[in-house]
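Written below as structure tokens is the structure these notes are about.
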Amino acid sequence: MKKIMLLGGSAQQIIAIEKAKELGYFTVLCDYLPDNPGQYIADKFYQVSTTDKEAVLDVAKKENINGILSYASDPAAPTAAYVAEKMKLSGSPYESVEILCNKDLFRAFLSENGFCTPLAKGYSNMEEGLCDIERGVFKLPVIIKPVDSSGSKGVGKVSGVSDAKEKLEYAMSFSRGGKIIVEEFVEKFGYQIAGDGLSIDGKLVFRYFANDHFNPKCVNPFVPISASFPYNMPKEVHEKIHSEIQRLITLLDMRSTTYNFDIRIDKDYNVYLMEIAPRDGGNYIPQIIKYATGVDLVEYSVRTAMGEEIQPPASMEGDGYFAYYAVHSLEDGILKEVVIDEAVQKNNIVENHILKNPGDEIKAFTGANTTLGILLMKFDTMQQMLDMMDNSDKWINVVLE
């Protein structure tokens, strides 16, 4: 039986383990958390950090794996590429994956190759970043991010010099490598663009774009609370975004893999590739895309990781209106209940993945790691979907004790 190593065993990553087993592979899981639920699904478990490249490589050699997959995890994607390259397994170049997973390297690459991208600079020393902001190197406002975190953790917006130090410190606290990036703010036109895609042998054969939704009342208002499908822009905008992603994939010599997108356009339809992550989206985005299009990106992830010969999906078109919604709290506290409108329960929710229970301690929503769980939803019309995702307080209420 061929073996696949999976990096990460969180609740949202279990689907990849289950899919690999369904396809007939022996599953080897690495995760540094002793209480990860994936260990009870996988055939074999090692308590090893998914960001420790050498430790994961040692396990991979010991198990003589045939493929490796970082499902829905940015931090682990470079590890998967590193191990695949060292063991001559299926995968994209480690150097290219490193560029995509480190925001400062990515911004520099985009700039050097003529993409639309904001002025940006990486810093290992916060004082240097603060000095540049104070000296007017950047046009305010700026966004400050850890270069190597995921799920929008540590992101902050600086509109005035007075709050720059606090936001720099906040971002640095989320960086594993002790590095942050300061970049000028890109004013978006319409919704920010989310979604996932697939390349086969370097060709972008599938992508399905979504509208990102945010809650301005959140402590961190830059964390998406929802992605709704499909993206509500004309076909020519979809195609222009597709073209820019393809140009990036070609330049980086990316091969067969899945992607998660974070993109903006301006009023002139210029495309800003904010993040193109070489892995599936979190928050059950692949599952929502399967509802909408019938395309199983989880299966494609496993098969590409194992070097299988695969055929592209027949179409990039979807049918219907679907979204994920991240159930969240605006403040810390003890959960009393999550109240959902009865009509929404009956007509719109297709899967309920709320993980927190009454009596659990919960945190204010500051990143994907502080969600109470995810709802997968369907809608009758585009307008109904956008209205419900933009005004979720009308149909759901997180009550604290």
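The values are calculated or read from the model by the stated rules, or taken from the named source; none is laboratory data. It should be emphasised that the depicted structure is a prediction, and the values quoted were computed from it without experimental measurement. In this analysis, Cβ positions are derived from the backbone assuming ideal geometry, glycine residues included, and neighbour counts consider all displayed protein chains.
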Considering Ala42, Ala20, Ala16, which residue is crowded, with 24+ Cβ neighbours inside 10 Å, outside the structural domain of Met306 (by TED's automatic domain parsing) and part of a loop (DSSP other than H, G, I, E, B)? Ala42
Quick check, is Ile310 part of a loop (DSSP other than H, G, I, E, B) and touching a helix residue (DSSP H, G or I) at 6+ places or on another chain (Cβ under 9 Å)? yes
Quick check: is even one residue across the stretch 373-386 in the same structural domain as Lys217 (by TED's automatic domain parsing), surrounded by 14 or more Cβ atoms within 10 Å (Cβ to Cβ), touching a Leu at 6+ places or on another chain (Cβ under 7 Å) and not polar (S, T, N, Q)? yes
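Conditions (1) part of a strand (DSSP E or B); (2) over 30 Å from Ser301 (Cα atoms), marked per residue:
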site	(1), (2)
Ala108	no, no
Cys131	no, yes
Lys157	yes, yes
Asp163	no, yes
Lys167	no, yes
Tyr170	no, yes
Gly197	yes, no
For residues that are more than 14 Å from the chain's Cα centre (by Cα) and either acidic (Asp, Glu) or surrounded by 23 or more Cβ atoms within 10 Å (Cβ to Cβ) (or both), scanning just the stretch 184-205, find the one that is nearest to Ile143 (Cα to Cα). Glu184
Subset of the stretch 150-174 that is small (Gly, Ala, Ser) and exposed (fewer than 15 other Cβ atoms within 10 Å of the Cβ) - its residue that is nearest to the chain's Cα centre (by Cα): Ser173
(1) surrounded by 12 or more Cβ atoms within 10 Å (Cβ to Cβ); (2) in contact with a strand residue (DSSP E or B) (Cβ under 9 Å, 6 or more places away or on another chain); (3) more than 27 Å from Cys218 (Cα to Cα): which one isn't true of Ser315, the others all being true? (1)
Mind listing whichever residues of the stretch 73-86 are modelled with pLDDT of 95 or more and surrounded by 18 or more Cβ atoms within 10 Å (Cβ to Cβ)? Ala76, Ala77, Pro78, Thr79, Ala80, Ala81, Tyr82, Val83, Ala84
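Do the conditions hold for Lys363, that is, is it more than 20 Å from Pro286 (Cβ to Cβ), surrounded by 14 or more Cβ atoms within 10 Å (Cβ to Cβ) and modelled with pLDDT of 95 or more? Write out each step before concluding.
Numbers: more than 20 Å from Pro286 (Cβ to Cβ): yes; surrounded by 14 or more Cβ atoms within 10 Å (Cβ to Cβ): yes; modelled with pLDDT of 95 or more: yes.
Judged against the criteria, Lys363 is a match.
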Subset tally (residues that are under 28 Å from Asp387 (Cβ atoms), exposed (fewer than 12 other Cβ atoms within 10 Å of the Cβ) and either of a type outside the set (Lys, Arg) or under 25 Å from the mean Cα position of the chain (by Cα) (or both)) for the stretch 340-360: 2
